[in-house]
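> What follows is a single structure, and I will ask about it in a moment.
The values are calculated or read from the model by the stated rules, or taken from the named source; none is laboratory data. What you are looking at is a predicted structure, and each value in this text was computed from that prediction instead of being measured. Cβ placement follows ideal geometry from the backbone for every residue including glycine, while neighbour counts extend to all protein chains displayed. Calculation scope for accessible area: heavy atoms of the full protein, side chains included, ligands and nucleic acids excluded. Shrake-Rupley method; radii C 1.70, N 1.55, O 1.52, S 1.80 Å.
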Amino acid sequence: MSNFIELNSIEKYYSVGKDKLHVLKSLSLNIEHGDFVMIMGKSGSGKTTLLNILGFLDRFDNGQYIFDGNNVTNLTEIERSHFRNKNIGFIFQQFHLINNLNIYQNIELPLLYDNRFGKKERSKKIKKNLEMVGLIDKINQFPNELSGGQQQRISIARALINEPQLIFADEPTGALDTNTSNEIMNILKSLNDEGKTIIMVTHDPDLVKYATKVIHLRDGVFTEGV
Ligand SMILES: Nc1ncnc2c1ncn2[C@@H]1O[C@H](COP(=O)(O)OP(=O)(O)OP(=O)(O)O)[C@@H](O)[C@H]1O
Ligand SMILES: [Mg+2]
């Protein structure tokens with residue numbers, strides 16, 4: 001196990017009108033390759049903000065971010081999106097599938113970002129991932145024709161299409177019933193067993209059993225776990 005992600009004294013403010021909201025307060029954190037990290041905390045404690053910073057979706061105001069030995073604190077916007085596409089797959093509570101694209105096209109989207117693969121190769125990868133999540137028969141259907149659990153499996157297939165080493169999941173089971181939620185957690189567990197590093201936000205204490213590391217946030221401060 002080696003250090004994969006390192007945050008040092010991260011500060012994040014949001015401007016709300018004339019006021020500044022101090023959302024993350026001097027957060028320091030280490031995550032190792034192969035970890036399954038769960039971030040827990042009340043609504044508004046800063047979990048999504050932290051995940052978005054870790055995932056290069058949002059910037060921070062102070063502190064240092066080291067990713068796989070590289071100092072990524074001051075990357076440009078283009079470097080950040082390149083880093084994101086290459087290294088991270090995202091899964092969201094509300095799936096974020098595009099309703100007027102079919103399942104094939106939804107999973108294909110991240111592959112079109114840099115045109116690394118030709119049409120045949122893309123098709124092979126998409127089918128392989130659909131088989132992995134057990135939904136190859138839905139390939140030509142549209143997101144709103146699928147159940148919530150099926151849509152989340154499609155979004156996992158999409159998140160994995162660039163073979164990222166890291167998966168970020170913001171409340172991936174938040175919109176699902178217990179059985180479906182267990183199905184999704186078992187997929188994430190097997191990905192973690194294969195060596196993927198997973199960072200997940202959840203409210204559900206029952207899911208802690210899947211984690212190798214649990215971090216608690218309260219009002220932008222880590223209270224436990226680091
Ligand atoms: N774009 C924004 N502009 C201003 N304030 C924001 C913005 N995004 C989040 N906030 C505020 O920052 C704080 C942390 O928000 P965040 O979304 O990180 O919380 P969270 O822990 O993910 O909550 P939840 O469990 O409800 O998803 C909240 O007080 C929120 O209102
Ligand atoms: Mg949130």
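> Give me the percent relative contact order of region 173-226, please, defined on Cα pairs under 8 angstrom at least 6 residues apart. Don't jump to the answer; show the numbers that get you there.
On the way: 25 pairs, mean separation 11.4, N = 54.
21 percent.
> Grab the beta carbon distance between residue 11 and residue 224, set R0 = 22 Å, and tell me the FRET efficiency rounded to 0.05.
On the way: r = 20 Å, r/R0 = 0.92.
Once rounded, the FRET efficiency stands at 0.60.
> With angles folded into 0 to 90 degrees, how steeply does helix 77-87 sit against the dominant principal axis of the chain? Use alpha carbons for both and round to 10.
60
> Turning to a different aspect of this structure: If you take every DSSP beta bridge fully contained in the chain, what fraction is antiparallel? Give it as a percent rounded to 5.
On the way: 20 of 38 bridges.
In the chain, DSSP labels about 55 percent of beta bridges as antiparallel.
> Volume per residue, Å³, of the convex hull around the alpha-carbon atoms of region 95-136?
Values: hull volume 3.2 nm³, N = 42.
Per residue, the Cα convex hull of region 95-136 comes to 77 Å³.
> Helix-only mean residue ellipticity at 222 nm, the chain, DSSP H runs n ≥ 4 weighted -39,500 (n - 2.57), per residue, nearest 500. What is it? List each step's numbers first, then the result.
Values: 6 runs with 71 residues, N = 226.
Computed mean residue ellipticity for the chain: -9500 deg cm²/dmol.
> Same structure again: Report, in degrees rounded to the nearest 10, the 0 to 90 angle that the Cα long axis of helix 103-112 makes with the longest principal axis of the chain.
Tilt relative to the chain: about 60 degrees.
> Now, a different point. How much area per residue is accessible in the chain when the probe is 1.4 Å and only protein heavy atoms are counted (Å²)? Walk me through the numbers on the way to the answer.
Details: 11210 Å² over 226 residues.
Solvent-accessible surface per residue comes out at 50 Å².
> If packing is taken as the average number of other Cβ atoms within 10 Å across a peptide's residues, how do 40-51, 189-200, 10-21 rank, most packed first? Spell out each step's value before the answer.
Working: 40-51: 19.1, 189-200: 17.2, 10-21: 11.9.
In decreasing order of mean packing, 40-51, 189-200, 10-21 become 40-51, 189-200, 10-21.
> Pop the C-beta distance of residue 73 and residue 116 into the FRET formula with R0 = 22 Å and round what comes out to the nearest 0.05. It would help to have the intermediate numbers written out before the result.
Working: r = 27 Å, r/R0 = 1.23.
Here the calculated transfer efficiency is 0.20.
> Could you tell me the relative contact order of the chain? Use alpha-carbon pairs under 8 Å, at least six residues apart, and round to a whole percent. Can you show the working numbers first?
On the way: 413 pairs, mean separation 68.7, N = 226.
Dividing the mean separation by the residue count of the chain yields 30 percent.
> State, to one decimal in nm, how far the label point of residue 98 lies from the label point of residue 19, with both points 7 Å from Cα in the Cβ direction.
Distance between label points: 3.8 nm.
> Using Cα-only point scatterers and the Debye equation, what is log10 of I(q)/I(0) for the chain at each q in 0.08, 0.13, 0.15, 0.16 Å⁻¹, rounded to two decimals?
Each listed q corresponds, in turn, to -0.29, -0.78, -1.03, -1.16.
> Sticking with this one: Which of the lysines could a cross-linker bridge to residue 125, judged by Cα under 25 Å and excluding same-chain residues fewer than eight apart?
Within reach: 86, 138, 189, 196.
> While we're looking at this one, here's another question. Just the number, please: carbon plus sulfur as a percent of the accessible area of the chain, 1.4 Å probe, no ligands or DNA/RNA counted.
Values: 5190 of 11210 Å².
In the chain, the share of accessible area belonging to carbon and sulfur is 46 percent.
> On a 0 to 90° scale, report how tilted helix 178-193 is relative to the longest principal axis of the chain, with both axes built from alpha carbons and the result rounded to the nearest 10.
For 178-193 against the chain, the angle is about 80 degrees.
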